[in-house]
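Down below is the structure, laid out as structure tokens.
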Amino acid sequence: MSTEPSPESDVSEPAVPEPDVPGPAEPRPGGDAGGAEAAPAPSLPKRRIGLVFAVAVLIWVIDLVTKNLVAANLEGKEPVRILGGLIYLQVIRNPGAAFSMATGMTWVLALIAAAVVVAIVWLARRLRSVGWAIGLGLVLAGALGNLTDRLFRAPGPLHGHVIDFISAFAPNGQGFAIFNIADSAICVGGALIVLLSLLGKDYDGTSTRAKKDAK
């Protein structure tokens, strides 16, 4: 006599789900070994090479035009008094440096001006500061303006005399000196660069004071 299995023997017990065991945490993209996200690198200001040459070309053209105008209209004439005697216009052929210094060293000054131009053009590629770009643009314009005179005016290349025509406070340079737009650009540009340096503003758009604080 065979026995049939009881209904209870065919029923399997339900599986008990195993608890989830958390695995090792996966590092997030861009994070370091500890899971912390790396700080984004600070963006640098854009390059200012275009501003350097825009300022240089503008001031160089103004310097060239004013020299040609006064040479054509005032040379050999009495000083012209303007602005109530604050400025006198008269043409002086200067073989020296700015404000009639280093007279007789024209060819040396021409070579120095050429070296200054090359140095500024090389540095302009790394400029990111607006103030530095304006300052160096002014210095570049002044160097180019007087170098143009030394190359193309009489008595000959590298020996040409620079045209000065602005006499402050009195004629014949008796009150201050006789100079031109190029000389003024060099002085203003140089003063601006010195001021930025004293304020801790670097040519690449960063602050030297901030660098010291970070250290």
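Each value in this text was obtained by applying a stated rule to the coordinates, not by laboratory testing. Nothing here was measured: the structure is a model prediction, and the numbers come from that model. When we count neighbours, we look across all protein chains shown, and the Cβ atoms used for this are built from the backbone with ideal geometry, even at glycine.
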- Query: Between region 62-87 and region 139-215, what's the alpha-carbon centroid distance in Å?
  - Reply: 20 Å
- Under the 7 Å Cα-to-Cβ spin-label approximation, Leu111 and Leu151 lie apart by a distance in nanometres of 1.7 nm
- When all C-alpha to C-alpha distances in region 168-211 are sorted into bins of 10 Å, what percent of pairs does each bin hold, rounded to whole numbers? 25, 31, 22, 15, 6
- Just grab the label-to-label distance for Arg93 and Ala71, each label 7 Å out from Cα along the Cβ direction, in nm (one decimal). 1.0 nm
- Residue by residue through region 60-73, which ³J(HN,Hα) values in whole Hz follow from phi under the Karplus form 6.51 cos²θ - 1.76 cosθ + 1.60 (θ = phi - 60°), with glycine and proline marked x? 4, 5, 4, 4, 5, 5, 5, 5, 5, 5, 6, 5, 7, 10
- Task: Amide H neighbours of Val162 under 5 Å, at least 5 residues apart or on other chains, H built in the peptide plane: list them.
- Result: Asn94, Gly96
- Query: From the backbone phi of region 170-181, what are the Karplus-calculated ³J(HN,Hα) couplings (6.51 cos²θ - 1.76 cosθ + 1.60, θ = phi - 60°) in whole Hz, Gly and Pro given as x?
  - Reply: 7, x, 6, x, 6, x, 8, 5, 10, 9, 9, 5
- Note, region 48-57: 3J(HN,Hα) by Karplus (6.51, -1.76, 1.60, θ = phi - 60°), whole Hz, Gly/Pro = x, goes 10, 4, x, 5, 4, 6, 5, 5, 4, 5
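Once fully extended, how much extra length lies between Arg81 and Thr208, figured as 0.36 nm per residue of separation less the alpha-carbon to alpha-carbon distance?
Numbers: separation 127, 0.36 × 127 = 45.72 nm, distance 4.64 nm.
Here the answer is 41.1 nm.
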